[in-house]
Amino acid sequence: MISEKRGLYAGLAVLAVVVMVAVFVILAITRPDNTDNTEKAADQSAVVELVDQNGVIEHKAVSDFKNFINSAEKPVFVDFWAEWCPPCRAAAPFVESLARDYAGKAHILKVNVDQAPDLARQYQASSIPLFVVIDDGEVSDSFSGYSAALEPQLRQMLEQRIN
């Protein structure tokens, strides 16, 4: 009876060690890679400009949003979004396509409302995604919500300011 309990305890100890090792391995595998801190820092910035670099969209940090929009010589399309927002995630490929299609004609920005709550309040981004077109430092048009069927209307908001 005593040897059975010892065997049971030994088995449970081995199982506990295996579980702990598995947890550590999983944590090590899923831990973010910090080898390229520059790119990750730009991706995690509250405000980024989407720039087409030979067909690859890069996210470049914008440190001063107000200065950026006030000095922009081209219209600025802004996507107010959040990671937890399914429509925002669905709109991301569309916003990237705008960066490709309007390279040199307009600036395409993304503002993470969780990381830039003051900007979200200033632009009344209480319902996201919120798309705003800014021309000459002033909001010229805005639209809240996203579905693929709305893409022509969103493009038209920007087109009106380019032409």
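The values are calculated or read from the model by the stated rules, or taken from the named source; none is laboratory data. What you see is a predicted model; the values in this text were computed from it and never measured. Here the Cβ is made from the backbone with ideal geometry for all residues, glycine too, and neighbour counts use every protein chain on show. Keep in mind that these areas ignore ligands, DNA and RNA; they rest on the heavy atoms of the full protein, side chains included. Shrake-Rupley method; radii C 1.70, N 1.55, O 1.52, S 1.80 Å.
Quick grid of which residues meet (1) over 13 Å from Leu50 (Cβ atoms); (2) open to solvent by less than 30 Å² (accessible area, probe 1.4 Å):
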{"residue": "Arg89", "(1), (2)": "yes, no"}
{"residue": "Pro93", "(1), (2)": "no, no"}
{"residue": "Val111", "(1), (2)": "no, yes"}
{"residue": "Pro117", "(1), (2)": "yes, no"}
{"residue": "Ala120", "(1), (2)": "yes, yes"}
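For Asp136, the conditions (1) farther than 20 Å from Lys74 by Cβ; (2) open to solvent by 10 Å² or more (accessible area, probe 1.4 Å) are fulfilled apart from (1).
If only one of Glu83, Glu151, Glu73 is farther than 20 Å from Ser45 by Cα, open to solvent by 10 Å² or more (accessible area, probe 1.4 Å) and in a loop (DSSP other than H, G, I, E, B), which one is it? Exactly one residue qualifies, and that residue is Glu73. Cβ-Cβ distances below 8 Å connect the following pairs, each with a first residue in the stretch 147-163 that is without any contact (Cβ under 8 Å) to a residue 60 or more places away in the chain, a second residue that is outside any helix (DSSP H, G or I) and of a type outside the set (A, V, I, L, M, F, W, C), and a separation of six or more residues or different chains: Gln160/Ser140; Gln160/Asp141.
Considering (1) loosely packed, with under 13 Cβ neighbours inside 10 Å; (2) under 17 Å from Val51 (Cα atoms), the lone condition that Ser126 does not fulfil carries the number (2).
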